[in-house]
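Notes to accompany the following structure.
Rule-based calculations on the coordinates, nothing more; no lab input. Everything numeric in this text was worked out from a predicted model, so none of it was measured. Note that each Cβ is placed from the backbone with ideal geometry, even for glycine, and that neighbours are counted across all protein chains shown.
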């Protein structure tokens, strides 16, 4: 896929918006790593997986992917025999196991309804004994618990006792020193891992001991008095023993995980994959996206229903959706109309919606959207002049057009903004005409915007070229952003200049300078636009009514299906009850006959048989 087009259409920025819905950093990274594919065998299943996750979330919107810690480097080190994970990493491993177990238990019961998610969930692992061992030994802060082992508990109890005795002894000793050796507000502190007291330098000879530091001025020394040396040495011994016990505990826990390294790898990958699907599904819900139908590369049609620009949708409170359909036999759409009418946004939206769909993201489109898979995409949008490359704006446009002419074919999408601009209008129009004709001959899907009047005549010369315009309210001189296919648009340059306050004399002279033919065409276009708006409003009303009728019909069909299901279930239960009744009655008859036979009493036999028959008749 053309990297320049991905940049111009802000594909990465759109994926950033999707990634915000991930529950984990790794899930967000997976979303940002998505790239447009040209393989329908990957795109369709991937979009179906996102759609399945969307339906799974609709069952319980409170559900979400639990925490997914990044254990990739640690799992790689686990291959090294004898390697030991530290406590925080083991805590993360416990979190990974808990997340894997919880996610597996959430998806597994719904496997029949969500087979694609269940397939991913099969890679999740449940190791309850290992998870419990980690939880018993490591707390939520990633510290080894005191009761991780009896020996550790004993050592830490004794360490706390020794430390308390050292502090008490040193505090008492410091208080007993002559006042000229004491430091104001002094307290027992730690220097170089040893407990010390602060004293004035001149008291060092009397106090003795080991100096472990001094103040910035050198007037205060931090001394470990001789009376604390024995206790401090004992503390060192206990701390060394504690370290050995901690290492033993960590090695043991790491050893419990090592045989399951590949399972943990698979579980981590599955959780990241599910979180990526989770992010894309939540994004689809947020933008009211619908799973589009994908067409083979080179398909002869293209349809977007209720399309919205993904990035604009995130920034603006209200975005006007657009409908666009390119029918078989049509390859080039030429959009004209005023500046600020939304042509460039529409152009970018057309490209970005396809890029997202081919990246496995359900884009903000409505039902009925049909998108061909494009093997390549070329875009010439915006002012791309380069001082470093000594390119003017016009030259930069030509570089982009050359790339499209060299690479575009019937499986490509070409987007060109303001084709033919940046140079003399006559020459620019002629060049634009030739470029569009060549792209049309190659059957590339081409959407171009223009202000050049002569290009609007191209549709009359080539049947595969279609004019279109973005509606503009001529009364309020404001764009409506509604796309009208089959009708070229006016630029409204003079009308907008009047509204923005250019002198009336200038406006009047400009109007007189227009050739009479162009004034007549402008008037005709204005009338056609008004009629087209009326027709579009009527069509939208009919479409809304049709959607309502369709929804009602679908609801009736669902109710009918539920009723049929209930009737079948009731019939099944009735048959089962009848079978149970018959079996029970037969059992009673046989039991009664057996009882009488054992007594060899014919009269009792007949009476029991009659009683059994009465019970059967009553229950039937």
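Share of Cα-Cα pairs in the range 80-213 beyond 22 Å, in percent?
Values: 5616 of 8911 pairs.
Summing the P(r) of the range 80-213 above 22 Å gives 63 percent of all pairs.
Hey, what number do you get for the chain at 222 nm if only DSSP H runs of n ≥ 4 count, each worth -39500 (n - 2.57), divided across all residues, to the nearest 500?
Numbers: 21 runs with 350 residues, N = 620.
Calculated at 222 nm, the ellipticity per residue is -19000 deg cm²/dmol.
Round to the nearest 10 and give me the degree value, 0 to 90, for the angle of helix 229-257's Cα axis relative to the longest principal axis of the chain.
The two axes meet at around 50 degrees.
Considering Cα pairs under 8 angstrom that are at least six residues apart, work out the relative contact order of the chain and quote it in whole percent. Can you show the working numbers first?
Details: 903 pairs, mean separation 85.8, N = 620.
Relative contact order comes out at 14 percent.
Taking the beta-carbon count within 10 Å as an exposure proxy, list 433, 63 from fewest neighbours to most.
Ascending number of Cβ neighbours within 10 Å: 63, 433.
Where q = 0.07, 0.10 Å⁻¹, what log10 of I(q)/I(0) comes from the Debye formula for the chain, counting one point per Cα?
Values, matching the q order: -0.74, -0.98.
I need 350, 249 ordered by Cβ neighbour count within 10 Å, fewest first. Walk me through the numbers before you get to the answer.
On the way: 350 25, 249 22.
Fewest to most other Cβ atoms nearby, the residues stand as 249, 350.
Ratio of Rg to Rh for the range 5-52, alpha carbon only, Kirkwood?
Details: Rg = 11.8 Å, Rh = 11.8 Å.
So for the range 5-52, dividing Rg by the Kirkwood Rh gives 1.00.
For the range 300-317 and the range 58-84, write down the distance between their C-alpha centroids in whole Å.
36
Can you tell me what share of the DSSP beta bridges in the chain is antiparallel? A percent to the nearest 5 is fine.
Working: 23 of 45 bridges.
About 50 percent, rounded to the nearest 5.
Arranged by the count of other C-beta atoms within 10 angstrom, fewest first, what order do 348, 568 take?
Exposure proxy ranking, most exposed first: 568, 348.
Could you tell me how far the Cα centroid of the range 235-276 sits from the Cα centroid of the range 111-154, in Å?
Between the Cα centre of the range 111-154 and that of the range 235-276, the gap is 11 Å.
With the radius of gyration and the Kirkwood radius both derived from the Cα set of the range 209-271, what is their ratio Rg to Rh? Walk me through the numbers before you get to the answer.
On the way: Rg = 22.7 Å, Rh = 16.1 Å.
That ratio is 1.41, to two decimals.
If one takes the longest principal axis of the Cα atoms in the chain, at what angle in degrees, from 0 to 90 and to the nearest 10, does the Cα axis of helix 150-176 lie?
So the inclination is approximately 80 degrees.
How far is helix 128-137 tilted off the main Cα axis of the chain, in degrees rounded to 10, range 0 to 90?
Rounded to the nearest ten degrees, it is 60.
What area, in nm² and to one decimal, does the C-alpha convex hull of the range 159-225 cast on average over all directions?
Working: hull surface 17.4 nm².
Mean projected area of the Cα convex hull: 4.4 nm².
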